[in-house]
Amino acid sequence: MTLRAWTYRQLEPEAWLERGLSPVNRLLTAAILVATLAAVLETEPLIAMPWALTFQRIEHVLGALFCVEYFARLWSAAERQRGSPWRSRARFVASPAALIDLVVLAATLARAQGLALLPLRLVRLLRVLRLAKLGRTSAAMRRIASAVHSRREELAVTAGFALALLVVGATALHLLEGVVQPKSFGSIPRALWWAVVTLTTIGYGDVYPVTVGGKCAASVIAFAGIGLIAMPTGILAAAFSEAHRHDRVS
């Protein structure tokens with residue numbers, strides 16, 4: 001096996017024939033998690049100030065590791081398929097995963113220049129999903145995708161029912177509470193926030209009806225919200241069970 005082929009096999013999950021992730025991808029996953037944790041902790045002044053030098057060193061070391069990884073992926077992309085190596089590398093550069101890599105590199109360079117671009121640095125967390133999706137969790141991901149696809153029509157009907165219920169609930173509360181609470185229910189768009197919070201059974205309590213009619217309508221809508229949450233749950237549970245039985249039979 002050539003060095004380029006070995007590099008490609010270590011970096012690309014679909015090329016790793018054994019179960020789980022390759023040793024190199026395990027190392028990269030750990031580095032991604034450490035870098036993301038450091039980015040999160042740096043937002044806390046009580047932690048960032050005394051550990052500023054440590055965070056800077058972590059960023060430099062991991063940034064260099066991610067740079068090496070990107071160019072190693074670019075170099076080994078020629079192993080992806082037969083044909084022109086440069087064409088394979090061009091496809092790699094234009095792929096969504098490689099674009100994420102470029103964003104990470106841009107964040108690293110920005111950090112080296114003293115620019116705190118937290119959203120860019122947190123993009124590293126997405127790379128964990130890219131590395132793991134074809135590894136240990138690939139069978140589970142395929143099963144989930146198959147289950148959702150097989151019940152797409154039922155889920156679409158449920159989504160349409162939810163949208164209709166949101167609009168009806170917001171309209172009802174606008175008519176019943178709009179005069180009493182114009183700030184919260186003075187229009188249907190304003191009442192939609194209450195409808196979303198109620199139908200999803202979150203209930204923040206920041207907006208609520210005060211009239212008798214509003215409370216009655218809210219009670220009906222709240223009970224409807226319980227069924228609304230249960231419908232997609234039951235649909236997906238049945239789809240997952242069917243997919244699991246199909247995999248066991250096959």
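The values are calculated or read from the model by the stated rules, or taken from the named source; none is laboratory data. Since the structure is predicted, the reported quantities are computational estimates derived from the model, not experimental observations. Glycine gets a Cβ as well: all are built from the backbone with ideal geometry, and neighbour counts include every protein chain shown. Protein only, heavy atoms only, side chains kept; ligands, DNA and RNA dropped before computing areas. Shrake-Rupley method; radii C 1.70, N 1.55, O 1.52, S 1.80 Å.
Could you go through the stretch 211-223 and let me know if any residue there is open to solvent by less than 50 Å² (accessible area, probe 1.4 Å), farther than 18 Å from residue 150 by Cα and either part of a loop (DSSP other than H, G, I, E, B) or modelled with pLDDT under 80 (or both). For the stretch 211-223, residues open to solvent by less than 50 Å² (accessible area, probe 1.4 Å), farther than 18 Å from residue 150 by Cα and either part of a loop (DSSP other than H, G, I, E, B) or modelled with pLDDT under 80 (or both): present.
For the stretch 197-210, the count of residues that are open to solvent by 40 Å² or more (accessible area, probe 1.4 Å) and assigned to a helix (DSSP H, G or I) is zero. The listed residues are 165, 192, 176, 236, and the only one of them that is closer than 30 Å to residue 145 by Cα and either part of a loop (DSSP other than H, G, I, E, B) or modelled with pLDDT of 90 or more (or both) turns out to be 165.
Contact map, the stretch 199-223: first residue more than 21 Å from residue 163 (Cα to Cα) and among the β-branched types (Val, Ile, Thr), second residue open to solvent by less than 50 Å² (accessible area, probe 1.4 Å) and outside any helix (DSSP H, G or I), Cβ cut-off under 8 Å, separation 6 or more or different chains; pairs are 210/181. Scan the stretch 36-49 for residues that are buried (at least 16 other Cβ atoms within 10 Å of the Cβ) and under 19 Å from residue 25 (Cα atoms) and jot them down. Within the stretch 36-49, just 36 meets the criteria. Selection of the stretch 1-30 for residues being out of contact with any Asp or Glu (no Cβ under 9 Å at 6 or more places or on another chain), open to solvent by less than 70 Å² (accessible area, probe 1.4 Å) and hydrophobic (A, V, I, L, M, F, W, C) yields 16, 21, 30.
One residue stands out in the stretch 50-86 among those that are among the basic types (Lys, Arg) and either under 17 Å from residue 6 (Cβ atoms) or in contact (Cβ under 8 Å) with a residue 60 or more places away in the chain (or both): the one that is most open to solvent (accessible area, probe 1.4 Å), namely 80. Residues that are farther than 12 Å from residue 207 by Cα and of a type outside the set (A, V, I, L, M) were ranked within the stretch 166-177; the one that is surrounded by the fewest Cβ atoms within 10 Å (Cβ to Cβ) is 171.
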